[in-house]
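Okay, so here's the structure we're looking at.
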Amino acid sequence: MLSGIQPTSGSFHLGNYLGAVRQWVALQETHDAFYMVVDLHAITIPQDPAELRANTRLAAAQLLAAGLDPERCTLFVQSHVPEHAQLAWVMNCLTGFGEASRMTQFKDKSARQGADRATVGLFTYPVLQVADILLYHADQVPVGEDQRQHIELTRDLAERFNSRFGPTFTLPAPYILKETGKIYDLQDPQIKMSKSASTPKGLVNLLDEPKATAKKVKSAVTDTDTVIRFDPAAKPGVSNLLTIQSTLTGTSIAELEQRYEGKGYGALKSDLAEVMVDFVTPFRSRTQELLDDPETLDSLLAKGAEKARALAAETLAETYDRVGLLPAK
Ligand code: AQP
(Lines give C-alpha, C1' and ligand atoms only; values in the text may rest on other atoms or scores of the structure.)
Protein backbone atom coordinates (compact mmCIF):
# COMPACT_ATOMS: atom_id res chain seq x y z
CA MET A 1 0.00 0.00 0.00
CA LEU A 2 1.45 3.36 -0.98
CA SER A 3 0.16 6.89 -1.33
CA GLY A 4 1.35 10.48 -1.22
CA ILE A 5 0.16 14.02 -0.72
CA GLN A 6 1.66 17.30 -1.94
CA PRO A 7 2.89 19.88 0.56
CA THR A 8 1.63 22.69 -1.62
CA SER A 9 -1.32 24.38 -0.08
CA GLY A 10 -0.41 24.61 3.60
CA SER A 11 -3.64 23.21 4.98
CA PHE A 12 -5.14 19.96 3.67
CA HIS A 13 -8.65 20.45 2.36
CA LEU A 14 -11.69 18.33 3.06
CA GLY A 15 -11.36 16.57 -0.33
CA ASN A 16 -7.79 15.46 0.50
CA TYR A 17 -8.92 14.17 3.86
CA LEU A 18 -12.12 12.34 2.88
CA GLY A 19 -10.82 11.17 -0.51
CA ALA A 20 -7.44 9.91 0.63
CA VAL A 21 -5.98 10.54 4.11
CA ARG A 22 -8.91 9.04 5.99
CA GLN A 23 -8.39 5.75 4.14
CA TRP A 24 -4.66 5.89 4.84
CA VAL A 25 -5.38 5.92 8.56
CA ALA A 26 -7.69 2.92 8.32
CA LEU A 27 -5.38 0.94 6.02
CA GLN A 28 -2.30 1.25 8.23
CA GLU A 29 -4.04 -1.27 10.53
CA THR A 30 -4.34 -3.96 7.88
CA HIS A 31 -1.53 -3.32 5.37
CA ASP A 32 2.19 -2.73 5.14
CA ALA A 33 1.65 0.92 4.34
CA PHE A 34 4.06 3.54 2.94
CA TYR A 35 2.87 7.16 2.98
CA MET A 36 4.84 10.17 1.87
CA VAL A 37 4.83 13.91 1.53
CA VAL A 38 5.59 14.35 -2.16
CA ASP A 39 7.77 17.44 -2.27
CA LEU A 40 9.26 16.50 -5.66
CA HIS A 41 5.75 16.63 -7.10
CA ALA A 42 5.19 20.02 -5.48
CA ILE A 43 8.05 21.65 -7.40
CA THR A 44 6.39 20.90 -10.75
CA ILE A 45 4.67 24.23 -9.98
CA PRO A 46 6.78 27.20 -8.79
CA GLN A 47 7.23 27.17 -4.98
CA ASP A 48 8.80 29.61 -2.57
CA PRO A 49 11.71 27.61 -1.02
CA ALA A 50 11.09 28.66 2.60
CA GLU A 51 7.36 28.02 2.26
CA LEU A 52 7.93 24.63 0.68
CA ARG A 53 10.16 23.55 3.57
CA ALA A 54 7.62 24.77 6.13
CA ASN A 55 4.72 23.19 4.24
CA THR A 56 6.53 19.84 4.08
CA ARG A 57 6.72 19.71 7.88
CA LEU A 58 3.17 21.01 8.07
CA ALA A 59 1.92 18.22 5.79
CA ALA A 60 3.67 15.59 7.92
CA ALA A 61 2.19 17.12 11.08
CA GLN A 62 -1.30 17.04 9.55
CA LEU A 63 -0.92 13.39 8.56
CA LEU A 64 0.01 12.50 12.13
CA ALA A 65 -2.79 14.69 13.51
CA ALA A 66 -5.23 12.86 11.21
CA GLY A 67 -4.21 9.57 12.82
CA LEU A 68 -1.16 8.13 11.06
CA ASP A 69 0.97 6.26 13.56
CA PRO A 70 4.68 5.87 12.74
CA GLU A 71 4.60 2.54 14.59
CA ARG A 72 1.98 1.25 12.18
CA CYS A 73 3.11 2.76 8.86
CA THR A 74 6.19 4.19 7.17
CA LEU A 75 5.88 7.97 6.85
CA PHE A 76 8.57 9.88 4.96
CA VAL A 77 9.39 12.77 2.64
CA GLN A 78 9.78 11.81 -1.02
CA SER A 79 13.03 13.73 -1.64
CA HIS A 80 14.68 11.92 1.29
CA VAL A 81 14.58 8.78 -0.84
CA PRO A 82 16.50 9.63 -4.03
CA GLU A 83 15.48 6.34 -5.67
CA HIS A 84 12.14 7.95 -6.60
CA ALA A 85 13.79 10.34 -9.04
CA GLN A 86 16.17 7.63 -10.24
CA LEU A 87 13.45 5.12 -11.08
CA ALA A 88 11.37 7.89 -12.64
CA TRP A 89 14.12 8.42 -15.22
CA VAL A 90 14.03 4.76 -16.26
CA MET A 91 10.23 4.94 -16.47
CA ASN A 92 10.40 8.18 -18.50
CA CYS A 93 12.41 6.25 -21.06
CA LEU A 94 9.60 3.71 -21.41
CA THR A 95 6.75 6.24 -21.66
CA GLY A 96 5.41 7.37 -25.02
CA PHE A 97 5.20 11.12 -25.57
CA GLY A 98 1.59 10.74 -26.75
CA GLU A 99 0.78 8.55 -23.76
CA ALA A 100 2.02 11.25 -21.34
CA SER A 101 0.18 13.94 -23.32
CA ARG A 102 -3.13 12.20 -22.66
CA MET A 103 -2.95 12.63 -18.87
CA THR A 104 -5.91 14.83 -17.97
CA GLN A 105 -4.33 16.20 -14.78
CA PHE A 106 -1.45 17.53 -16.88
CA LYS A 107 -3.86 19.00 -19.42
CA ASP A 108 -5.89 20.73 -16.68
CA LYS A 109 -2.91 22.00 -14.72
CA SER A 110 -0.95 23.20 -17.75
CA ALA A 111 -4.06 24.97 -19.09
CA ARG A 112 -4.37 26.76 -15.73
CA GLN A 113 -0.68 27.71 -15.77
CA GLY A 114 -0.63 28.79 -19.40
CA ALA A 115 1.00 26.50 -22.00
CA ASP A 116 4.21 28.58 -22.11
CA ARG A 117 4.73 28.45 -18.36
CA ALA A 118 4.05 24.76 -17.79
CA THR A 119 7.29 22.85 -17.18
CA VAL A 120 8.62 19.52 -18.44
CA GLY A 121 8.46 18.44 -14.77
CA LEU A 122 4.70 18.99 -14.77
CA PHE A 123 4.47 16.99 -18.00
CA THR A 124 6.32 13.99 -16.57
CA TYR A 125 4.99 14.11 -13.00
CA PRO A 126 2.62 11.17 -13.62
CA VAL A 127 5.73 9.13 -14.46
CA LEU A 128 7.33 10.12 -11.15
CA GLN A 129 4.12 8.89 -9.56
CA VAL A 130 4.58 5.59 -11.42
CA ALA A 131 8.04 5.28 -9.88
CA ASP A 132 6.68 6.16 -6.42
CA ILE A 133 4.28 3.24 -6.58
CA LEU A 134 6.51 0.64 -8.27
CA LEU A 135 9.46 1.14 -5.91
CA TYR A 136 7.49 -0.43 -3.04
CA HIS A 137 5.72 -3.13 -5.08
CA ALA A 138 2.46 -1.58 -3.89
CA ASP A 139 -0.55 -3.57 -4.94
CA GLN A 140 -3.06 -0.96 -3.82
CA VAL A 141 -2.98 2.83 -3.94
CA PRO A 142 -5.56 4.73 -1.87
CA VAL A 143 -6.33 7.97 -3.76
CA GLY A 144 -9.18 10.17 -4.95
CA GLU A 145 -10.90 9.63 -8.29
CA ASP A 146 -8.70 12.29 -10.00
CA GLN A 147 -5.71 9.94 -9.71
CA ARG A 148 -7.29 6.89 -11.38
CA GLN A 149 -5.68 7.59 -14.75
CA HIS A 150 -2.21 7.71 -13.18
CA ILE A 151 -2.69 4.29 -11.58
CA GLU A 152 -3.71 2.97 -14.99
CA LEU A 153 -0.51 4.44 -16.45
CA THR A 154 1.42 2.70 -13.65
CA ARG A 155 -0.10 -0.64 -14.58
CA ASP A 156 0.68 -0.11 -18.28
CA LEU A 157 4.29 0.81 -17.62
CA ALA A 158 4.80 -2.01 -15.11
CA GLU A 159 3.45 -4.47 -17.66
CA ARG A 160 5.61 -3.01 -20.42
CA PHE A 161 8.72 -3.24 -18.26
CA ASN A 162 7.92 -6.78 -17.12
CA SER A 163 7.35 -8.04 -20.65
CA ARG A 164 10.49 -6.36 -22.00
CA PHE A 165 12.91 -7.12 -19.16
CA GLY A 166 11.30 -9.96 -17.19
CA PRO A 167 8.94 -9.99 -14.19
CA THR A 168 10.01 -7.18 -11.85
CA PHE A 169 7.09 -5.00 -10.81
CA THR A 170 3.75 -5.63 -9.12
CA LEU A 171 0.72 -4.28 -10.99
CA PRO A 172 -1.12 -1.94 -8.59
CA ALA A 173 -4.86 -1.33 -8.33
CA PRO A 174 -6.48 1.96 -7.32
CA TYR A 175 -8.19 1.93 -3.93
CA ILE A 176 -10.92 4.52 -4.46
CA LEU A 177 -14.03 4.60 -2.29
CA LYS A 178 -17.20 5.15 -4.31
CA GLU A 179 -18.70 7.40 -1.63
CA THR A 180 -15.78 9.78 -1.10
CA GLY A 181 -13.63 9.42 -4.22
CA LYS A 182 -14.73 12.87 -5.30
CA ILE A 183 -15.76 15.55 -2.82
CA TYR A 184 -17.23 18.58 -4.53
CA ASP A 185 -16.72 22.31 -4.21
CA LEU A 186 -19.29 23.81 -1.79
CA GLN A 187 -20.09 26.68 -4.14
CA ASP A 188 -19.95 24.76 -7.41
CA PRO A 189 -20.90 21.13 -6.73
CA GLN A 190 -20.20 20.21 -10.36
CA ILE A 191 -16.44 20.49 -9.85
CA LYS A 192 -14.16 18.70 -7.39
CA MET A 193 -13.03 20.56 -4.31
CA SER A 194 -9.50 21.60 -5.23
CA LYS A 195 -6.93 24.02 -3.93
CA SER A 196 -6.26 25.43 -7.38
CA ALA A 197 -9.71 25.39 -9.02
CA SER A 198 -12.06 26.14 -6.11
CA THR A 199 -13.01 29.61 -4.98
CA PRO A 200 -12.14 30.35 -1.31
CA LYS A 201 -15.81 29.97 -0.33
CA GLY A 202 -16.09 26.56 -1.98
CA LEU A 203 -12.92 25.13 -0.42
CA VAL A 204 -12.86 23.85 3.17
CA ASN A 205 -9.33 23.97 4.53
CA LEU A 206 -8.97 21.89 7.68
CA LEU A 207 -6.69 24.43 9.36
CA ASP A 208 -9.00 27.41 8.80
CA GLU A 209 -10.66 29.08 11.78
CA PRO A 210 -13.53 26.72 12.77
CA LYS A 211 -15.95 29.66 12.65
CA ALA A 212 -15.00 30.39 9.04
CA THR A 213 -15.53 26.73 8.18
CA ALA A 214 -18.98 26.74 9.80
CA LYS A 215 -19.86 29.82 7.75
CA LYS A 216 -18.76 28.17 4.50
CA VAL A 217 -20.86 25.09 5.25
CA LYS A 218 -23.89 27.25 6.07
CA SER A 219 -23.60 29.14 2.78
CA ALA A 220 -23.03 26.02 0.64
CA VAL A 221 -24.95 26.01 -2.66
CA THR A 222 -27.91 23.60 -2.68
CA ASP A 223 -30.93 23.92 -5.03
CA THR A 224 -34.39 25.50 -5.21
CA ASP A 225 -36.18 22.35 -4.05
CA THR A 226 -36.58 21.68 -0.32
CA VAL A 227 -36.32 17.89 -0.04
CA ILE A 228 -33.17 16.39 1.50
CA ARG A 229 -32.44 13.39 -0.68
CA PHE A 230 -29.24 11.77 -1.98
CA ASP A 231 -29.37 12.24 -5.73
CA PRO A 232 -26.01 13.39 -7.14
CA ALA A 233 -27.39 14.04 -10.64
CA ALA A 234 -30.42 16.14 -9.65
CA LYS A 235 -29.17 17.46 -6.29
CA PRO A 236 -25.36 17.61 -6.39
CA GLY A 237 -25.00 20.21 -3.61
CA VAL A 238 -27.25 18.44 -1.10
CA SER A 239 -25.75 15.05 -1.98
CA ASN A 240 -22.25 16.39 -1.36
CA LEU A 241 -23.29 17.67 2.08
CA LEU A 242 -24.91 14.31 2.90
CA THR A 243 -21.75 12.45 1.84
CA ILE A 244 -19.57 14.65 4.06
CA GLN A 245 -21.86 14.33 7.06
CA SER A 246 -22.32 10.60 6.60
CA THR A 247 -18.56 9.96 6.40
CA LEU A 248 -17.59 12.18 9.31
CA THR A 249 -20.28 10.83 11.64
CA GLY A 250 -20.47 7.21 10.48
CA THR A 251 -24.23 7.59 9.90
CA SER A 252 -25.62 6.02 6.72
CA ILE A 253 -27.06 8.28 4.01
CA ALA A 254 -30.43 6.49 4.36
CA GLU A 255 -30.49 7.28 8.07
CA LEU A 256 -29.68 10.93 7.37
CA GLU A 257 -32.44 11.15 4.74
CA GLN A 258 -34.85 9.84 7.33
CA ARG A 259 -33.60 12.22 10.03
CA TYR A 260 -34.13 15.26 7.79
CA GLU A 261 -37.49 14.23 6.34
CA GLY A 262 -39.76 17.29 6.40
CA LYS A 263 -36.88 19.53 7.51
CA GLY A 264 -35.25 22.24 5.42
CA TYR A 265 -31.70 22.61 4.12
CA GLY A 266 -30.94 24.98 7.03
CA ALA A 267 -31.18 22.07 9.52
CA LEU A 268 -28.79 19.90 7.51
CA LYS A 269 -26.29 22.73 7.05
CA SER A 270 -26.33 23.80 10.65
CA ASP A 271 -25.81 20.19 11.90
CA LEU A 272 -23.00 19.68 9.40
CA ALA A 273 -21.38 22.96 10.46
CA GLU A 274 -21.32 21.64 14.02
CA VAL A 275 -19.90 18.28 12.91
CA MET A 276 -17.17 20.08 10.96
CA VAL A 277 -16.26 22.33 13.89
CA ASP A 278 -16.03 19.27 16.18
CA PHE A 279 -13.77 17.60 13.66
CA VAL A 280 -11.39 20.47 12.80
CA THR A 281 -10.93 21.89 16.32
CA PRO A 282 -8.87 18.97 17.76
CA PHE A 283 -7.22 18.44 14.35
CA ARG A 284 -5.87 22.00 14.39
CA SER A 285 -4.56 21.85 17.94
CA ARG A 286 -2.92 18.45 17.41
CA THR A 287 -1.23 19.74 14.24
CA GLN A 288 0.06 22.77 16.13
CA GLU A 289 1.43 20.61 18.97
CA LEU A 290 3.38 18.50 16.48
CA LEU A 291 4.73 21.60 14.73
CA ASP A 292 5.89 23.00 18.06
CA ASP A 293 8.37 20.12 18.30
CA PRO A 294 10.14 20.13 14.90
CA GLU A 295 13.04 17.97 16.14
CA THR A 296 10.78 15.06 17.01
CA LEU A 297 8.94 15.49 13.72
CA ASP A 298 12.18 15.54 11.72
CA SER A 299 13.64 12.51 13.44
CA LEU A 300 10.45 10.58 12.89
CA LEU A 301 10.62 11.46 9.16
CA ALA A 302 14.28 10.45 9.05
CA LYS A 303 13.41 7.03 10.49
CA GLY A 304 10.62 6.65 7.92
CA ALA A 305 12.98 7.54 5.06
CA GLU A 306 15.56 5.03 6.27
CA LYS A 307 12.98 2.26 6.26
CA ALA A 308 11.59 3.29 2.87
CA ARG A 309 15.06 3.57 1.39
CA ALA A 310 16.00 0.02 2.26
CA LEU A 311 13.18 -1.31 0.10
CA ALA A 312 13.48 1.34 -2.63
CA ALA A 313 17.22 0.74 -3.09
CA GLU A 314 16.61 -2.98 -3.60
CA THR A 315 13.97 -2.35 -6.27
CA LEU A 316 16.13 0.22 -8.04
CA ALA A 317 19.18 -2.07 -8.08
CA GLU A 318 17.10 -4.85 -9.61
CA THR A 319 15.65 -2.44 -12.18
CA TYR A 320 19.06 -1.10 -13.20
CA ASP A 321 20.36 -4.63 -13.53
CA ARG A 322 17.44 -5.72 -15.71
CA VAL A 323 17.83 -2.71 -17.98
CA GLY A 324 21.56 -3.45 -18.40
CA LEU A 325 23.17 -0.56 -16.55
CA LEU A 326 26.72 -1.49 -15.53
CA PRO A 327 26.94 -1.68 -11.72
CA ALA A 328 29.43 0.71 -10.08
CA LYS A 329 32.37 -1.09 -8.42
N1 AQP B 1 -12.04 16.81 -4.12
C2 AQP B 1 -11.42 15.67 -3.83
N3 AQP B 1 -12.15 14.58 -3.51
C4 AQP B 1 -11.55 13.40 -3.20
N5 AQP B 1 -10.20 13.25 -3.17
C6 AQP B 1 -9.44 14.31 -3.47
N7 AQP B 1 -8.10 14.50 -3.53
C8 AQP B 1 -7.83 15.77 -3.89
N9 AQP B 1 -8.99 16.45 -4.07
C10 AQP B 1 -10.00 15.58 -3.82
C11 AQP B 1 -7.12 13.45 -3.22
O12 AQP B 1 -6.23 13.95 -2.24
C13 AQP B 1 -4.96 13.27 -2.39
C14 AQP B 1 -3.83 14.28 -2.34
O15 AQP B 1 -3.92 15.10 -3.49
P16 AQP B 1 -2.79 16.08 -3.96
O17 AQP B 1 -1.48 15.66 -3.44
O18 AQP B 1 -2.96 16.32 -5.42
O19 AQP B 1 -3.17 17.32 -3.11
P20 AQP B 1 -3.66 18.67 -3.60
O21 AQP B 1 -2.65 19.13 -4.59
O22 AQP B 1 -3.92 19.49 -2.38
O23 AQP B 1 -5.05 18.29 -4.29
P24 AQP B 1 -5.90 19.21 -5.22
O25 AQP B 1 -6.61 20.22 -4.45
O26 AQP B 1 -6.71 18.28 -6.06
O27 AQP B 1 -4.78 19.90 -6.09
P28 AQP B 1 -4.97 20.59 -7.47
O29 AQP B 1 -5.95 21.71 -7.29
O30 AQP B 1 -3.58 21.05 -7.77
O31 AQP B 1 -5.45 19.55 -8.43
C32 AQP B 1 -5.02 12.53 -3.72
O33 AQP B 1 -5.21 11.15 -3.47
C34 AQP B 1 -6.22 13.11 -4.40
O35 AQP B 1 -6.84 12.19 -5.27
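Couple of notes before you dig in:
- Between region 266-322 and region 150-176, the Cα center-to-center distance that results, in Å: 26 Å
- Percent breakdown of C-alpha pair distances by 5 Å bin, ordered from the shortest bin, for region 210-288: 3, 16, 27, 25, 16, 8, 4, 2, 0
- Structural descriptor for region 1-67: relative contact order 54 percent, calculated from alpha carbon pairs under 8 angstrom and at least 6 residues apart.
- Under 5 Å from the amide H of Q140 lie the amide H atoms of L2, A173, each residue being 5 or more positions distant or on a separate chain, with H modelled from the backbone and absent for Pro and chain starts.
- Given a 1.4 Å probe and the protein chains as shown, M1 ends up with an accessible area of around 10 Å².
- Mean residue ellipticity at 222 nm, helices only, the chain: -17000 deg cm²/dmol; runs of at least 4 DSSP H residues each add -39,500 (n - 2.57), and the sum is divided by the number of residues.
- Accessible surface of region 2-157 [probe 1.4 Å, protein heavy atoms]: carbon and sulfur percent: 52 percent
- Of the listed residues I43, I183, the order by accessible area with a 1.4 Å probe, largest first, is I43, I183.
- Counting all C-alpha pairs of the chain, share separated by more than 23 Å (%): 60 percent
- For region 210-288, averaging the sequence separation of C-alpha pairs within contact (under 8 Å, six or more residues apart) and dividing by the residue count gives a relative contact order of 41 percent.
- Kyte-Doolittle mean at least 1.0 and Cα axial length at least 27 Å: DSSP H helices in the chain: none
- Relative contact order, whole percent, for the chain stands at 23, derived from Cα pairs under 8 Å and 6 or more residues apart.
- The value obtained for region 274-329, namely the Cα convex hull volume divided by the number of residues, is 124 Å³ per residue.
- Just so you know, the averaged projected area of the alpha carbon convex hull for region 94-188 sits at 7.2 nm².
- Rounded accessible area per residue of the chain, 1.4 Å, Å²: 47 Å²
- Loop-located GluC sites (Glu not before Pro) in region 223-329 whose Cβ has at most 10 other Cβ within 10 Å (DSSP): E261
- The listed residues C73, C93, once ranked by accessible area (1.4 Å probe) with the largest placed first, stand as C93, C73.
- Dipole magnitude for region 252-322: about 180 debye, using +1 per Lys or Arg Cβ and -1 per Asp or Glu Cβ, origin at the Cα centre.
- Surface calculation, 1.4 Å probe, protein heavy atoms: K216 sits at approximately 30 Å² accessible.
The values are calculated or read from the model by the stated rules, or taken from the named source; none is laboratory data. Everything quoted here is computed from the prediction, not taken from an experiment. Note that we place each Cβ from the backbone using ideal geometry, even for glycine, and neighbour counts take in every protein chain shown. The accessibility values were calculated without ligands, DNA or RNA, using every heavy atom of the protein model including side chains. Shrake-Rupley method; radii C 1.70, N 1.55, O 1.52, S 1.80 Å.
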